[in-house]
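Encoded as structure tokens, the structure appears first; notes follow it.
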Amino acid sequence: SHGQRGQRLRDLDELHGFMGRVSGSLNPAEIANIAVAETVRLMRAESAALVRFESDGSGSVHHHGDVPLALPTRIDDSAWAEIMGGSDAALVDVGALPTLAGATPASARAIVAPVRSEIGPIAVLVILERGAPAYHFDTHDVARAQNLTEQLSSSLRKAMLHQQLEFEARHDALTGLPGRTAFEAVVDRTVHFPDLRGEAYVIMLDLDRFKEVNDTLGHHAGDNLLVQFAARMSGLLDAGDVLARLAGDEFAILCH
């Protein structure tokens, strides 16, 4: 009993340090990689995976060790809907989780812990226990996993907000294309670090009589025209070419 109590105190100290380790970056991917590695160490687990959901609902997987599960690829993945529907960490049988075809997980149980913000889940953490009975998860481990996700949520939300603000500052809000600052940075990199595809060219272009569209049909029609133009031009580019909106109806293309 004394040994277990001492271990729990040491675990508590480690949990306090976890926050410092995952909050040292503003890169969501880097935070996720640190989090899964630290989770395996702190929980003395077999392996762990964190699925981080992007703003468009797609999932980015980060894992430490072998996680032979069919992890969710989207936030609305029906196979994981019930499992991720809860607000707290839960201990589940691995057999109840979607498994990769032909895979036979060595672990019998796992802790599944949704990472939530005020607007809903932003990630899900899956922790597989070791096969040895001494390392099997109990209610204390579930509580520790819950603490980990609550601390992780704060760091992830801050990083995702920073990423969003940085994207918005460098991209056009209407078309989603790079703005002038981002385009100039791409051109500067190309000039100083040319690739092996030969010469690069910058094409400047604008739309004739665009003002007449705004004046006659309204700014909403003008906005739709810009969005359609950006989409059609983007479909004509080769990989590595960059289309940017500089201002109004002025666009630029960096191509090879």
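Multiply the residue gap between LEU217 and ALA29 by 0.36 nm, knock off their C-alpha separation, and tell me the result in nm, one decimal place.
Numbers: separation 188, 0.36 × 188 = 67.68 nm, distance 4.41 nm.
Full extension of this stretch gives 63.3 nm more.
Of the residues LEU26, SER58, THR149, the one whose Cα sits farthest toward the positive end of the charge dipole of the chain, with +1 on the Cβ of Lys and Arg and -1 on the Cβ of Asp and Glu, is THR149. Shape of the chain from its Cα gyration tensor (a ≥ b ≥ c, root eigenvalues): rounded if a/c is under 1.5, otherwise prolate when a/b > b/c, or oblate? It comes out prolate by the Cα gyration axes.
Between ALA169 and ARG209, what is the FRET efficiency for a Förster distance of 45 Å, r being their Cβ-Cβ separation, to the nearest 0.05? Walk me through the intermediate numbers first.
Numbers: r = 31 Å, r/R0 = 0.69.
Computed FRET efficiency for ALA169 and ARG209: 0.90.
Spatially, region 31-88 and region 114-171 are offset by 8 Å when compared through their Cα centroids. Residues of region 40-79 with an amide N closer than 13 Å to a point placed 7 Å from the Cα of ALA132 along the Cα-to-Cβ direction: 44-46. The angle between the Cα long axis of helix 139-170 and the longest principal axis of the Cα atoms of the chain comes to about 10 degrees, rounded to the nearest 10. Here the calculated FRET efficiency for ALA103 and ASP241, from their Cβ-Cβ distance with R0 = 51 Å, stands at 0.80, rounded to the nearest 0.05. To the nearest ten degrees, helix 180-192 and the longest principal axis of the Cα atoms of the chain are 90 degrees apart. Once the 1.4 Å probe is applied to the protein heavy atoms, the chain comes out at 56 Å² accessible per residue.
Taking every C-alpha pair closer than 8 Å and separated by at least 6 residues, the mean separation divided by the residue count of the chain gives a relative contact order of 16 percent. Taking other residues whose beta carbon is less than 13 angstrom from the beta carbon of PRO28, and scoring Lys, Arg as +1 and Asp, Glu as -1, yields 0.
A simple spin-label model places the labels of PHE193 and LYS158 2.8 nm from each other, with each point 7 Å out along Cα-to-Cβ.
Sorting 48-57, 73-82 by average packing, meaning the other beta carbons within 10 Å per residue, from highest down gives 48-57, 73-82. The slack between SER58 and ASP93, meaning 0.36 nm per residue of separation minus the straight C-alpha distance, is 10.0 nm. Taking amide H as placed 1.01 Å from N in the peptide plane, VAL115 has its amide H under 5 Å from the amide H of ILE122, ALA123, VAL124, LEU125, each at least 5 places away in sequence or on another chain.
How much of the accessible area of the chain, in percent, comes from carbon and sulfur atoms when a 1.4 Å probe is used? Here carbon and sulfur together make up 54 percent of the probe-accessible area.
Rounded to the nearest whole Hz, the Karplus-based 3J(HN,Hα) values (6.51 cos²θ - 1.76 cosθ + 1.60, θ = phi - 60°) of region 50-67 follow the sequence 10, 9, 9, 8, 7, 5, 8, x, 6, x, 10, 9, 10, 9, 10, x, 7, 10, with x at glycine and proline.
With respect to the chain, whose longest principal axis is taken over its alpha-carbon atoms, helix 28-43 is tilted by about 0°. Phi-derived couplings, Karplus 6.51 cos²θ - 1.76 cosθ + 1.60 at θ = phi - 60°, listed residue by residue for region 202-209: 10, 10, 9, 8, 9, 9, 5, 6 Hz, with x used for Gly and Pro.
The values are calculated or read from the model by the stated rules, or taken from the named source; none is laboratory data. In this text the structure is predicted, and so the values were computed from the model without any measurement. As a convention, Cβ positions derive from the backbone with ideal geometry for all residues, glycine included, and neighbour counts pool all protein chains shown. Surface areas here come from the heavy atoms of the whole protein model, side chains and all, with no ligands, DNA or RNA. Shrake-Rupley method; radii C 1.70, N 1.55, O 1.52, S 1.80 Å.
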